[in-house]
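The values are calculated or read from the model by the stated rules, or taken from the named source; none is laboratory data. A quick note: this is a predicted structure, and the numbers were derived from the prediction, not measured. No Cβ is skipped: glycine too gets one built from the backbone with ideal geometry, and neighbour counts run over all protein chains shown.
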Amino acid sequence: MVNLISENTSLILAAEDCPAEDFEQLHYFSKQEQRFISNLIAHGPVLLKGARGSGKSALMIEASRRMYPANNLSSAFGIYISLRHLELLRSEGDKYERMLCQLIIDAVNKIIIKAGDIFEFDPLPNVTSLQKELSSLSSASGKRIVIFFDDAAHIGREAPLHEFFDIFRTLSSSIISCKAAIYPGVTKFGTRFDVYNDATVIDVSRNDELEGYNANFTEIIRKRFLMGIPQGSFSGKFTVENVAGFMGRAVLGNMRGFIFAWNHLSENCKDGKKIGYANLTKTLIDIASNYYWPLIEELKPKLGIYAPMIEPATDIAELIFREAGEDNKQDVLILREIAQRLSKPLELLEYTGFISIRDVSRAMKSRGRGTRYSLNLCTLLEKIRGARVTQEIYSRWLNESNERNESLELHKTSELFKMQLPELLKDGEMLIFKEDISKLKKSNAYPYGLTQHKIDILKAADYDTVSALAEASDKSLLALNNIGEETLKRIRSTVAQAIWM
Amino acid sequence: MISNQSALAKLLCGNLVPDRGGIDEVLSHLSSSIDNVVIELINLESLTPNQISLFAPFLGRSILELGCTALIARLDPFRVLLIREYQKQPNYLDSLMDKPNKSSIRWQGDVLADKVTDILADKSLQNPTRALLGDYYKRLIWSANFDELQDAIKDVSGDEWIIDLRQKDFERFYNETLKDFSSLYSKLSKGIHHELVIPLSSAFDQETTKLLIQKTVRNIATLGLFVSVVSHALNKLDIQEAIAAYKEIQEIGVL
């Protein structure tokens, strides 16, 4: 079971949670990702766009690691800032500007201390003063400044976004560049920010049509010592490289999904079991029900005004995967007119890793043009007759014959064409804040969630809602009986999972 | 056909027709100029960081200008033929000693142009801008052939640039291209004219210079690939040959 997976460093799912000393040991970057990192280090504004778990944070952290002061030879300061701050999410206008500027000031000061405390930096928390001081810092050090804003823009949290992108644009100059991580579905950037004019957008996705796909996933696994699967478990056609490539495809190249799936495979290969179709089947089916569907459940209360879009997204997923499963297809071509109308729920499915866009405009056999999406093979396997990985499926999904299979085509005759979308909510507040903390109990949606015992302790102390728990100080939580440092860490990470994407 | 033509020159100038005058002569000249710049771009790797900061912007802007001239020549030869005729005059160079050169391809006017909101608003159709990335080209060439391009590359796998291209709709493709051409020209020019008052090594450090050159080559090569599906383009390459050249450019790499 996913829930039984022990927690050790090789199982860390999010780069931002990875201890700095383990980062290099646990991360591998392909040639394509090395190019993304070069883009992040070079001067110029960049938006790094990708689904949850696609590796945006790891790319930003790696870029900052290759810059000053971590790398003395670099000609640019690398300042990494995570924007996972509850207060920031709830602020607007001047308050937002003040808080964001303060976060930047704190991060720059930390970097200056790391650099030996040899530079002056004392701005006021507003954009004008900050920009002036950053320019002075650049001038004094002879280095450019690069600021990495991780977790900058979320779907459903549009209120402070126009302020963020205003600041992003205003801070940028010939010596200061801003880079921000955003999610698919973020479409509102404010009136002053033109997304394709004011920044270079990099789509972070691992496409299985790229050369070296299997080898890249193999390297990731080798970096983590095969994550508990003995070398002896791989034999015959189930080489490490094939299995890694297959699992990578199964989760559409999503890094967090891949680590999760590989953990699962290692659980299914305990006691010297060899890797075979049976344990691959079990892994994929378990991931479909324990990872993908719970992601949808987890997402709903975080979506603000878009919360009603979860239902159509679920219906669309059910329909697409059912029809593709029955027809033995791995991808779907949706008439553009339909894809445009259903863009928001389709973006949610992209965000959760159910689908991944491959072609924006492709000719359909049944006339017209469509958008082609690849489907995750875990959910697909659930819908295929027999629901098991066979020799034929294994070879086809690994694309060993290098032939493109035809897509499932959804035209005007499809049920999708008739699907109506609900109204958006008027109030953009995230429902998760009002949720009872029992929502955070260990479950498929929260595999590292809280035990009933801890929930009872928190409730007895009047921490009833997620919001109340999120706002509680470390000191007040540690003052409770049976809440020690380890439990505090678990509470914080569960609350973070609940609130952040 | 010239056997030692670089992949980039091939994509931008198409199949050359040797020993002929007119536009063929122009394209042959542009092709060999591009080849020369490509050789220097490849050599950049062996230079010191300071040398790279000094030379790379010049080479990048050369590629941008030569590439755009070649594409204009293939899509709209009249303008280039007229310039050729003018430049053939015996006193051409002397006559330009003390004035700006108007008888050449100009960045503002031939490549970029002012926005035209409604291209058919002027009923007389007098002097529409024929800039490569202007609004008339946008509608008549780029938008009109975008689906053709997507159909030509739909089953190409293993090519990072093509995979990326397939994920863009026309508006995104055009807006990004326009922004890149405009900002690349401006940034590369800053590196040439030394207008910066901050240290050059910081503004044109290795990572930034590398990215500028890579973006320049990628953008101009992408338009070269695109021209291969425009039916009226001169010296058209077979699309498979164009796709192979596009891939080769990525594999050679610069810096």
Here the residues within segment A:71-90 that are within 18 Å of residue A:19 (Cβ to Cβ) and surrounded by fewer than 20 Cβ atoms within 10 Å (Cβ to Cβ) are A:82, A:84
Reported set for segment A:193-219 where residues are away from chain B (no Cβ under 12 Å) and more than 19 Å from residue A:33 (Cβ to Cβ) is A:193
Across segment A:176-190, the tally of residues that are part of a loop (DSSP other than H, G, I, E, B), in contact with a His (Cβ under 8 Å, 6 or more places away or on another chain) and within 14 Å of chain B (Cβ to nearest Cβ) stands at 1
Here the residues within segment A:13-53 that are small (Gly, Ala, Ser) and more than 14 Å from chain B (Cβ to nearest Cβ) are A:14, A:15, A:20, A:53
Flagged in segment A:352-388 as closer than 26 Å to residue A:445 by Cβ and hydrophobic (A, V, I, L, M, F, W, C), in numbering order, are A:354, A:355, A:357, A:375, A:377, A:378, A:380, A:381, A:384, A:387
Only one of A:363, A:339 is crowded, with 19+ Cβ neighbours inside 10 Å and within 14 Å of another protein chain (Cβ to nearest Cβ), namely A:339
Exactly one of A:458, A:469, A:480 is under 21 Å from residue A:85 (Cα atoms) and either touching a residue at least 12 places away in the same chain (Cβ under 8 Å) or in a helix (DSSP H, G or I) (or both), and that residue is A:469
When segment A:369-401 is checked residue by residue, the ones that are within 14 Å of chain B (Cβ to nearest Cβ) and either in a helix (DSSP H, G or I) or at pLDDT below 95 (or both) are A:398, A:399, A:400, A:401
Scanning segment A:266-289 for residues that are buried (at least 20 other Cβ atoms within 10 Å of the Cβ) and either closer than 19 Å to residue A:384 by Cβ or acidic (Asp, Glu) (or both) gives A:279, A:280, A:283, A:284, A:287, A:288
Taking segment B:173-190 and the residues there that are of a type in the set (S, T, N, Q) and closer than 28 Å to residue B:53 by Cβ, the one that is farthest from the other protein chains (Cβ to nearest Cβ) would be B:189
Reported set for segment A:71-99 where residues are within 13 Å of chain B (Cβ to nearest Cβ), part of a strand (DSSP E or B) and of a type in the set (Ser, Thr, Tyr) is none
Looking across segment A:54-70 at residues that are part of a loop (DSSP other than H, G, I, E, B) and away from every other protein chain (no Cβ under 11 Å), the single one that is surrounded by the fewest Cβ atoms within 10 Å (Cβ to Cβ) is A:70
| Among the residues of segment A:255-262, is there at least one that is hydrophobic (A, V, I, L, M, F, W, C), without any contact (Cβ under 8 Å) to a residue 60 or more places away in the chain, surrounded by fewer than 17 Cβ atoms within 10 Å (Cβ to Cβ) and assigned to a helix (DSSP H, G or I)? | no
In segment A:125-166, residues that are touching a helix residue (DSSP H, G or I) at 6+ places or on another chain (Cβ under 8 Å), outside any helix (DSSP H, G or I), among the hydrophobic types (A, V, I, L, M, F, W, C) and closer than 17 Å to residue A:97 by Cβ total 4
Picked from segment B:117-141 (must be under 25 Å from residue B:231 (Cα atoms) and of a type in the set (A, V, I, L, M)), the residue modelled with the lowest pLDDT is B:125
Considering segment B:147-172, residues that are more than 7 Å from chain A (Cβ to nearest Cβ) and touching a strand residue (DSSP E or B) at 6+ places or on another chain (Cβ under 9 Å), and then whichever is surrounded by the most Cβ atoms within 10 Å (Cβ to Cβ), we arrive at B:170
Residue A:145 passes all but one of the listed conditions (1) farther than 29 Å from residue A:30 by Cα; (2) of a type in the set (Val, Ile, Thr); (3) in contact (Cβ under 8 Å) with a residue 24 or more places away in the chain; the exception is number (1)
